[in-house]
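A.B. asks: Just passing along the structure, written as structure tokens.
Taken together, the values in this text are just the output of simple stated rules run on the coordinates, not laboratory data. Because the structure is a prediction, the values reported are computed rather than measured. All Cβ positions, glycine included, derive from the backbone under ideal geometry; neighbour counts span all protein chains shown.
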Amino acid sequence: MAIKIATEKTIREAAALIKEGGLVVFPTETVYGLGANALDGQAVARIFEAKGRPQFNPLIIHVCDEAAAAELVVMNEQARLVSSRFWPGPLTMILPRRDDCPVSDLCSAGLPTLAVRVPAHPVACALLKAAGMPVAAPSANKSGTLSATTPVDVSGTLGDAVDMILAAGSCPVGLESTVLDLSGGVPLVLRPGAVTAAEISAVLGEEVSYDRGDHEKPKSPGQLLRHYAPSIPLRLNAIDLEPGEALLAFGSDRFMGIKGGGSAKDLPESARENLSESGDLNEAAANLFAMLHALDQSDHKAIAVMNIPDQGLGIAINDRLSRAAD
Ligand code: TXA
Ligand code: MG
């Protein structure tokens, strides 16, 4: 892993790495971000691997301006007011994904919403322009450790897991961005940051409250960080298929039989997906949410999921599958 001072040349190198599916740590005005091409599910899967995160939490998508955000999410009236006042800057908005949103489902962990932000740091802006694509980036630290605000902190925590660290001194804000949920009608701050609820209230002309609570526990509809769950049952660690079930395979499904006769290869294409035929956990993570969505059709009785090894990214995949199976 190389620490490089940000210059026009190294920013171009970093943009090329991102286009190729690499991981680049870059400065923003809040904290350093661990960035990857948001359109490339396998690159995004590497973020979770590098952070050692046992769960797929949804990531913030960084874009260079409001027009680029509008290609990904539905910018409602509230969103336009907030973006014209606070972007570029330390504010993230949660908005509905557009139907034609090209961002990998892994970035939003299968949810119908996406977190977007236009950072104000000149190096981040130059990188996003040079890359010419949305960049998914959580804070550049190992899961469960403090966010990094200097290049030295980053290299201490992420070490060799990244392809390049683009260094530009310490981050001026030093605190993660405010996360504002505008997807549910009622504006809600999910994470406090430099932009306060009072400032947002003034722009929107309506009350905006903090919700620091437990997002797992529903308060009122639209106010919780939901987990994606399919509408039909999931059956985990399947070693064969019940008639009427769809198959989510991992590795070879050559010997998957259907009870009462037949085998997986007799299933129609719409009832059969494979997370990774070669048994690659990174590829499986990249495919997980899109394939669950594809199989989640009411004409299937359930989705039978083959065993996925509980190691590396497999831990996060199994975490998400067992939540979806509940
Ligand atoms: O300042 C920042 O926001 C930094 C820099 C790099 O931009 N990024 C950052 O990302 O702090 P991360 O992944 O550490 O935090 C993202 C936060 C999490 O609390 C996550 O749950 C929330 O945003 N989030 C992302 N997508 C969401 C969604 N669709 N719905 C609800 N919350 C979401
Ligand atoms: Mg973080």
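A.B. asks: Which whole-number percent gives the relative contact order of the chain, counting Cα pairs below 8 Å spaced six or more residues apart?
C.D. replies: Result for the chain is 21 percent.
A.B. asks: Relative contact order of the stretch 234-325, please, whole-number percent, based on alpha carbon pairs below 8 angstrom and at least 6 residues apart.
C.D. replies: Reported relative contact order: 41 percent.
A.B. asks: With both bridge residues required to lie in the stretch 234-325, what share of the DSSP beta bridges run antiparallel, to the nearest 5%?
C.D. replies: 10 percent
A.B. asks: Using a ≥ b ≥ c from the Cα gyration tensor of the stretch 222-311 (square roots of the eigenvalues), is it rounded, prolate or oblate, where a/c under 1.5 gives rounded and otherwise the larger of a/b and b/c decides, a/b for prolate?
C.D. replies: oblate
A.B. asks: A further question follows. Under 10 Å, Cα contacts only: if you run a Gaussian network model on the chain, which one of 253, 160, 40 comes out with the highest mean-square fluctuation?
C.D. replies: Highest fluctuation among the options: 160.
A.B. asks: Please express the Cα-Cα pair-distance distribution P(r) of the chain as a list of whole percents, one per 10 Å bin, running from 0 to the bin with the greatest distance.
C.D. replies: Percent of Cα pairs in each bin: 6, 26, 32, 23, 11, 3, 0.
A.B. asks: Calculate one ³J(HN,Hα) per residue across the stretch 42-48 by plugging θ = phi - 60° into the Karplus curve 6.51 cos²θ - 1.76 cosθ + 1.60, and present them in order as whole Hz with x for glycine and proline.
C.D. replies: 5, 5, 5, 4, 5, 4, 5
A.B. asks: Using the Karplus curve 6.51 cos²θ - 1.76 cosθ + 1.60 with θ = phi - 60°, what ³J(HN,Hα) values do you get for each residue of the stretch 265-279, in whole Hz, with x for Gly and Pro?
C.D. replies: 5, 7, 5, x, 4, 6, 10, 8, 10, 10, 4, 6, 4, 8, x
A.B. asks: Dipole of the chain (Lys/Arg Cβ +1, Asp/Glu Cβ -1, origin at the Cα centre): which of 25, 115, 317 lies farthest to the positive side?
C.D. replies: Comparing the listed Cα positions along the dipole, 25 ranks first.
A.B. asks: Starting with the highest mean, order 258-264, 279-285 by the number of other Cβ atoms within 10 Å, averaged over the residues of each peptide.
C.D. replies: 279-285, 258-264
A.B. asks: Which entries of 265/301; 4/142; 19/142; 19/51; 19/265; 142/301 have Cα-Cα distances beyond 29 Å here?
C.D. replies: Cα-Cα > 29 Å for 19/265; 142/301; rest within.
A.B. asks: Something else: With charges set only on the Cβ (+1 for Lys and Arg, -1 for Asp and Glu), what does the dipole of the chain come to about its Cα centre, in debye to the nearest 20?
C.D. replies: Value, rounded to 20: 460 debye.
A.B. asks: Restricting to the chain, what percent of DSSP beta bridges are antiparallel, rounded to 5?
C.D. replies: 40 percent
A.B. asks: Turning to a different aspect of this structure: Whole-Hz Karplus ³J(HN,Hα) for the stretch 241-248, in order, using 6.51 cos²θ - 1.76 cosθ + 1.60 and θ = phi - 60°, x for Gly and Pro?
C.D. replies: Values, residue by residue: 10, 7, x, x, 7, 8, 10, 10 Hz.
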